[in-house]
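The structure under discussion appears below in the form of structure tokens.
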Amino acid sequence: MAEHPAYPVGLRLTGRRVVVLGGGQVAQRRLPALIAAGADVHLVSPEATPSVEAMADAGEITWSRRRYTEGDLEGAWYALISTSDLEANNLASAEGERRRVWCVRSDDADRATAWTPATGHSEGVTVAVLTTDAKGRDPRHTAAVRDAVIEGLRDGTLVAPQFRTRAPGVALVGGGPGDPDLITVRGRRLLAGADVVIADRLGPRDLLAELPPHVEVIDAAKIPYGRYMAQEAINNALIEHAKQGRSVVRLKGGDPYVFGRGMEELQALAEAGIPCTVVPGISSSISVPGAAGIPVTHRGVAHEFTVVSGHVAPDDERSLVDWASLAKLTGTLVILMGVDKIGKIAEALIAHGKPADTPVALVQEGTTATQRRVDATLATVGERVRAEDVRPPAVIIVGPVVGVGPRPTE
Ligand SMILES: C[S@@+](CC[C@H](N)C(=O)[O-])C[C@H]1O[C@@H](n2cnc3c(N)ncnc32)[C@H](O)[C@@H]1O
């Protein structure tokens, strides 16, 4: 049958009956896309994997718990034949042929009347890659072609101009802790399509070097105003560039809403009537300890973790942190922006009852090529920071989780 190449097509399955025969791994892999396409999916199978069963329990599909029998394809527009019984598969294929139902076969591409392409999605486009003929099928190659196209579109190395005008506005993008691979796919895609990027000192600065020359990159740390004016100046820059109809990315370190002033920027943009989208990022508060071999929770060791800012000392009247309560917790304390004040913070925690030998680790420039970890205890951390010349940015982890992993190799 497959002397000619397959004819590619996109099926619009909303509300249309699709029959799936067999509830194993193949069904498990294919069902989410059929459900997402709005198909009215009916499964026929005596058993199913726990994930497939969960889809039936959730009402996403209907399920007849029995083997295939003649007539099951009645009313179907499309069928997936994936039972482990060759004879049943052949009978179902024959029924599909008679009823003119397109049938995919997981066991025999040659006998199938339809093939499932390797698919991926990027920015409103579905990329579907099909093998040209059944004999030369190489599913790993089609998947690799799909991956190459999707990856290229996402990271901007494959440039496909958009001819519909892009909506101007601002995207607040969490860039992750510093390693350029730790930005989200959405963040990277928005960055690749930006006209203007306003970037923080922290975050994946290596990505800026990849931007095309026409992109204007503004270093937020260099916006020339006093310390407390800086945020207002950044807000104004976001508003002004967006008002000129440009696509603006505000690239921030970690997650925009973890000590990132993301909401202040969102509010300023809302007041100016500028559309804004927020893309979450991997926060340094979890990822930097992880990169240094420290889990913020560990079964039987820490059942909570608390992230606090250490930018003001515990005795400073501006401090909003209840250090006395934190000293009583048994879980993990993660301190951001605390390098300068860690000596005073440790003293306060000990004064409020936290054992002086509680392990402490400082992870400087986590996830970057210059990452380093310094270990101490609450009693020694102030001195260790000075002796080892630990500098911001660093995440400080306090608690027994510091010692659960294998010792880091320096
Ligand atoms: C203003 S806060 C921003 C936090 C960020 N929004 C996040 O979710 O990670 C800056 C602090 O985050 C921590 N930090 C951010 N990136 C870091 C990194 N790569 N290594 C160590 N600490 C980092 C440091 O404590 C730094 O002082």
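Would you mind pulling out the separation of the Cα centroids of the stretch 1-25 and the stretch 331-393, in Å?
Their Cα centres are 58 Å away from one another.
Just to confirm the filter: which trypsin sites (Lys or Arg not before Pro) across the stretch 305-410 are DSSP coil and have at most 10 other Cβ within 10 angstrom of their Cβ?
R318
Two decimals is fine: what's Rg over Rh for the chain, C-alpha atoms, Kirkwood radius as Rh?
That ratio is 1.10, to two decimals.
Working from the pairwise distances between different alpha carbons, so that the mean of 1/r is found and then inverted, what is the stretch 21-63's Kirkwood radius in Å?
Across the stretch 21-63, the inverse of the average 1/r is 10.0 Å.
In degrees, nearest 10, range 0 to 90: what is the angle between the Cα axis of helix 25-36 and the longest Cα principal axis of the chain?
80 degrees
Run lengths n ≥ 4 of DSSP H only: what is the helix-derived mean residue ellipticity at 222 nm for the chain, with -39500 (n - 2.57) per run over all residues, to the nearest 500?
Result for the chain, helices only: -8500 deg cm²/dmol.
For the stretch 207-291, which trypsin sites (Lys or Arg not before Pro) pass both filters: DSSP loop (anything but H, G, I, E, B) and at most 10 other C-beta atoms within 10 Å?
For trypsin sites (Lys or Arg not before Pro) across the stretch 207-291 that sit outside H, G, I, E and B with at most 10 neighbouring Cβ atoms in 10 Å, the list reads R227.
If you take every DSSP beta bridge fully contained in the chain, what fraction is antiparallel? Give it as a percent rounded to 5.
Given both bridge residues lie in the chain, the antiparallel proportion sits at roughly 35 percent.
What residue among S287, S106, S247 has the largest mean-square fluctuation in a Gaussian network model of the chain, using Cα springs under 10 Å?
S106
Roughly how many debye, to the nearest 20, is the charge dipole of the chain about its Cα centre, given +1 on each Lys and Arg Cβ, -1 on each Asp and Glu Cβ, and no other charges?
Here the chain has a charge dipole of around 420 debye.
Sort the following peptides by mean Cβ neighbour count (other Cβ atoms within 10 Å, averaged over residues), highest first: 139-146, 395-402, 27-34.
395-402, 27-34, 139-146
Readers should treat all values here as calculations from the given coordinates under stated rules, not as data from a laboratory. Values in this document were obtained by computation on a predicted structure and should not be read as measured data. For neighbour counting, all protein chains shown are included, and Cβ atoms are generated from backbone atoms with ideal geometry for every residue, glycine included.
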